[in-house]
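Reviewing the structure listed below.
Here, each number is a calculation from the coordinates, and none is a lab measurement. What you see is a predicted model, and the numbers here were worked out from it, not measured in a lab. Here the Cβ positions follow ideal geometry from the backbone for every residue, glycine too, while neighbour counts run over all protein chains shown.
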Amino acid sequence: MDQTAARQWAELRLSPHRLAHVAGVAAMADELAWRVGEDTANCRLAAWLHDALKEEDGPALAAEASRRGLADELRLPFLLHASVMGARALADLGVSAAVAEAITYHPIGRPGLGQIGQILYLADKLEPGRQYDGVEALRELARQDLASGLRATVQAIRDFQSRRLDPQPIHPLTEQWLSELKRGGQRSHKMS
Ligand SMILES: [Fe+2]
């Protein structure tokens, strides 16, 4: 599947509001990929597919996750749209393992997440339609230095989730990833 087909695939499944978000993610993923020399077509492909199942029926996604044998840590309700899409894209749509990983882990990240996954995570949280305190500074940081932008964005999202009136549990993989990023465990991509 190429990015044009992926876009059509998403357009068939998503409301206009969500499609606008996805288009913003594709544009930002393209820009970040270009800045660090990553494959822009693959980043756009991952972006178009990342939320394509977000408006699907939860029980149907849970059933597909069981059928595909997804790990327990990927079967939390808020993760199913991502983990099922990643598995489906790898098995049925012919995307690369790196693109499938990016889609699967885009809500939470994970230690050792590849660069396409890092770019999708950032683009999802920082696309132009996102508006929250500090987002512009995070966007600018991600444009200047992917690793610094990633560390700051994961920390900001984590803090935001724990400060909510209805605090959300932080996924253990996110905590492990943030620790890794703070140790400088992922490569830095400084732009000249
Ligand atoms: Fe998204």
Here the tail fraction of P(r) beyond 24 Å, over all Cα-Cα pairs of the stretch 78-192, rounds in percent to 25
Running a GNM on the chain with Cα contacts under 10 Å, which residue among 20, 89, 60 ends up with the highest mean-square fluctuation? 60
Computed [θ] at 222 nm, deg cm²/dmol, the chain (DSSP H ≥ 4; -39,500 (n - 2.57); rounded to nearest 500): -20500 deg cm²/dmol
The stretch 30-62 residues near the modelled residue 96 label - backbone nitrogen below 20 Å, point 7 Å along Cα→Cβ: 30-51
Quote the FRET efficiency, to the nearest 0.05, computed for residue 72 versus residue 17 with a Förster distance R0 of 22 Å and r equal to the Cβ-Cβ distance. 0.10
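I'd like the FRET efficiency for residue 1 and residue 135, computed as 1/(1 + (r/R0)^6) with the beta carbon distance as r and R0 of 41 Å, rounded to 0.05.
Values: r = 31 Å, r/R0 = 0.75.
Efficiency computed from Cβ-Cβ geometry: 0.85.
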Please work out whether the stretch 1-137 counts as rounded, prolate or oblate from its C-alpha gyration tensor, where a ≥ b ≥ c are the square roots of the eigenvalues and a/c under 1.5 means rounded, while otherwise a/b larger than b/c means prolate and anything else oblate? rounded
How far apart, in nanometres, would the label points at residue 165 and residue 31 be if each is projected 7 angstrom from Cα along the Cα-to-Cβ direction? 3.3
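Do you know the relative contact order of the stretch 3-131, to the nearest whole percent, from alpha carbon pairs under 8 angstrom that are 6+ apart?
28
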